[in-house]
Structure formats: structure tokens, C-alpha cells
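The values are calculated or read from the model by the stated rules, or taken from the named source; none is laboratory data. Owing to the predicted nature of the structure, the values given are computational and were not obtained by experimental measurement. Glycine gets a Cβ as well: all are built from the backbone with ideal geometry, and neighbour counts include every protein chain shown. Protein only, heavy atoms only, side chains kept; ligands, DNA and RNA dropped before computing areas. Shrake-Rupley method; radii C 1.70, N 1.55, O 1.52, S 1.80 Å.
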Amino acid sequence: MLIRPRRNRKSDATRSLTRETYLMPEQLIYPLFLMDGKNIKSEVPSLPGNFRWSIDMLLPEIESCLELGLKSFILFPAVDQKFKDKTGTHGYAADNYYLKVTQEIKKRFPETCLISDVALDPYNIDGHDGIVRNGKINNDETLPILGKMAVAQAQAGFDILGPSDMMDGRIEYIRESLDDAGFVDTGIMAYTAKYASAFYGPFRDALDSAPVEGEDIPKDKKTYQMDPANKKEAIREAMLDYEEGADFMMVKPALNYLDVIHLLNENFDIPIAAYHVSGECAMLIAACQNGWLDFDKAMPETLLSIHRAGAQVILTYFAKKYAEMWKERRGDFG
Ligand code: PBG
């Protein structure tokens, strides 16, 4: 036998020498759920180990992440029912706590990279990412609202905006709104291939943002989020977002869509992000709580596989845990 692949696997040293992929904490984005108020750290029941935070409790949490080399955070607001309306106007209201909290985090920790959520669902009384009219989502009426939200978020200090709504034409609309308002340096991480997935459940629990049941309200998000059966369509979405000025393109969820991550990474020259969504994390947590899997091994293997598939950036609820483990083990999680 001339060729023995096992020779390169014979020791820790040869394995780390020949390891093809490393994922560092700097490449992760930590999703954080916010609540208005004080002294709140309330666990999301369907996503153990993740919390809804008030700003006073959140600042020390962010500080401890920064110490671990984790610098990027995506912030999602839980919004009180009284602020919700048909067109999501609170999304760009001056007294929206989401915008104030962002300013406060940026002031205290200017070295962070803060990413926003641009979509109507936290503020929309129907629980949809677009405006509902006569039982349908009105795409074009939604765009100006997204544009206003985007400008308000840029003003608040977000570094990168994350349109998660899947309306047609919104990247261009948002880019132009930002440029017109002078925010030429605010980036856009487009949710490019966001699928109508069953894996968003814990997130919707955390924010109470699921589509509301009722007459004349679409019962799901299938007319705007993509069909899990489709791959070519992801290329079409990506071509549009690319041409409309996206700085990053995201695939969401991650694990069930590794082929899509690979496809976009092979075909486009901007960074590809993957959102390892709440349901995907919850599955792993549940199996580990049952003693069926070993978290310290299964979690890093999972994140590494998403990175290996072609995601340069990963949004994951395990970001902090991974960063803690990285500090000790420097990529050797076997
Ligand atoms: C909504 C939004 C969702 C997620 C991020 N932004 C849920 C949805 O589309 O209903 C899901 C993230 C997760 O499950 O972790 N704009």
C-alpha cells in the first residue's frame, strides 16, 4: 500500500497540522433577545440557556462575550402588544426602546459589531413580516416601512442591518434609503435564502411573534419565505440581493440547507452567513439534556460542519459557549 491516509491522522500534532477548517469566535454572531425594562433575565423555555434581557443585565453579558473574542451580536426586540399596529410604525418610532438600547450598547462598547433585524413581525399586529391587506401580504406597501426602519436603525448606531422579511426588492429599497440619508457605511446582511421552516418555533416563543390566527390573516409565511424543496430559486434570490447591494448573503436555517450554503459560496464573492436557527439549537440541547448526545462534542462538530459547507459567518445561540470552549481547546474538539 503506497498511500495510507491514516498517517496524517496518527497524532494530535499531525491532526492539527492537517486540519482544513478552523472556526473562531470572531466568525460567530450571537443572537440576543431584548426586553424593555429593568432587571430582566428571563429564560426562553423552548431554548434553555437563552434569555430575554433588559439592558442593565445585558451590558455585563456583552462585556463577558467581548473578553472571549466574540464581538458580533444580532439584536431582536420583544415588543409590548400596545405598540403593535397594522403597519409596524413603532419600528421607526423615536421612543422605540430597541433603538435606545442599541445606542447605549454602542456607546459603552464601540468595538462591537451590532446587527439589526429589519422586518415588521415584532411590530405588526398580524405577526407577519409584511403588511397584511385583504388576506394577503402587500409587498410594495411594506417597502417604505422597511426603508424607514432601516434609517432609524442606522441612526441608532447599528453597523449592519439584517432584513429578514423576504419582500421582493427590499435590499435595493433599503440601500437607497440609507444612502439618501447619508448612511453609506451601514452594511446590509440580506436574508437571501430564508426558508419557510418549521425550525423557528423557539424564536417565535421568545418574541411572541408568530403569525396571529384570524380571518383574513395568512396562517403561515409561505408566500414570502422559500419552499424547502428549492435550490435553484436560492440562486435567483442571491443574484437579486447581490445586484441590489447586499454586503453579506445569508442562508437560513443552516443544517438542513448545507447544500444551499455551498452553492452560494461557490458562486458569489461576498461573505456567506448561515443562521443556525433556534429550533436547530433546541434539538441539540434537548438530546443532550436526555443524555443521548455529548454537548461538548456535538455542538462544535455542528458549527464546524456549517463552516466547512461554506459559511464564513455563523449566527448561533451557541456562540458564547463555543467561544468559552475555544479558549480552552483552540479548535481541537475531538
Ligand atoms: C422574523 C425572524 C425569524 C427569525 C429571525 N427573524 C422568524 C420568522 O421568520 O418567523 C428566526 C430565527 C430563529 O429561529 O432563530 N423576521
Original post:
Of the numbered conditions (1) β-branched (Val, Ile, Thr); (2) outside any helix (DSSP H, G or I); (3) within 15 Å of the ligand (Cβ to nearest atom), ILE174 satisfies every one except a single condition; which is it?
Top reply: (2)
Original post:
If a residue has to be in contact with a helix residue (DSSP H, G or I) (Cβ under 9 Å, 6 or more places away or on another chain) and surrounded by fewer than 13 Cβ atoms within 10 Å (Cβ to Cβ) to count, how many in the range 23-48 make the cut?
Top reply: 3
**OP:** Within the range 142-165, identify whether any single residue is surrounded by 24 or more Cβ atoms within 10 Å (Cβ to Cβ), farther than 24 Å from LEU315 by Cα and among the polar types (S, T, N, Q), and answer yes or no.
**Re:** yes
**OP:** Read through the list (1) open to solvent by 20 Å² or more (accessible area, probe 1.4 Å); (2) away from the ligand (no atom under 16 Å from the Cβ); (3) outside any loop (DSSP other than H, G, I, E, B), then give the number of the only condition that ASP205 fails.
**Re:** (2)
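Can we say TYR191 is more than 15 Å from the ligand (Cβ to nearest atom) and among the aromatic types (Phe, Trp, Tyr)? Reasoning before the result, please.
Values: more than 15 Å from the ligand (Cβ to nearest atom): no; among the aromatic types (Phe, Trp, Tyr): yes.
Here the answer is no, as TYR191 does not meet what is asked.
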**OP:** Evaluate the following for ASP241: is it acidic (Asp, Glu), away from the ligand (no atom under 12 Å from the Cβ) and buried (at least 16 other Cβ atoms within 10 Å of the Cβ)?
**Re:** yes
Original post:
Taking the stated definitions as given, is ASP165 under 22 Å from TYR92 (Cβ atoms), touching a Leu at 6+ places or on another chain (Cβ under 8 Å) and assigned to a loop (DSSP other than H, G, I, E, B)?
Top reply: yes
**OP:** For the range 76-153, please list each of the strands (runs of 3 or more DSSP E) lying entirely inside it that holds at least 3 residues being within 20 Å of the chain's Cα centre (by Cα).
**Re:** 113-115
**OP:** Please specify each residue of the range 75-117 satisfying the condition of being touching a helix residue (DSSP H, G or I) at 6+ places or on another chain (Cβ under 6 Å), open to solvent by 10 Å² or more (accessible area, probe 1.4 Å) and among the small types (Gly, Ala, Ser).
**Re:** ALA78
Original post:
Consider LEU293 against the criteria (1) part of a loop (DSSP other than H, G, I, E, B); (2) within 16 Å of the ligand (Cβ to nearest atom); (3) not aromatic (Phe, Trp, Tyr): it satisfies all of them except one. Which criterion is unmet?
Top reply: (2)
**OP:** Please enumerate the residues belonging to the range 261-278 that are open to solvent by less than 10 Å² (accessible area, probe 1.4 Å), part of a helix (DSSP H, G or I) and closer than 17 Å to LEU303 by Cβ.
**Re:** ILE261, SER278
**OP:** Looking only at the range 297-317, decide whether some residue is away from the ligand (no atom under 16 Å from the Cβ), more than 20 Å from the chain's Cα centre (by Cα) and assigned to a helix (DSSP H, G or I).
**Re:** yes
**OP:** Give the residues of the range 211-238 that are within 16 Å of the ligand (Cβ to nearest atom) and free of Cβ contacts under 8 Å to residues at least 12 places away in the same chain, sorted by residue number.
**Re:** GLU213, LYS219
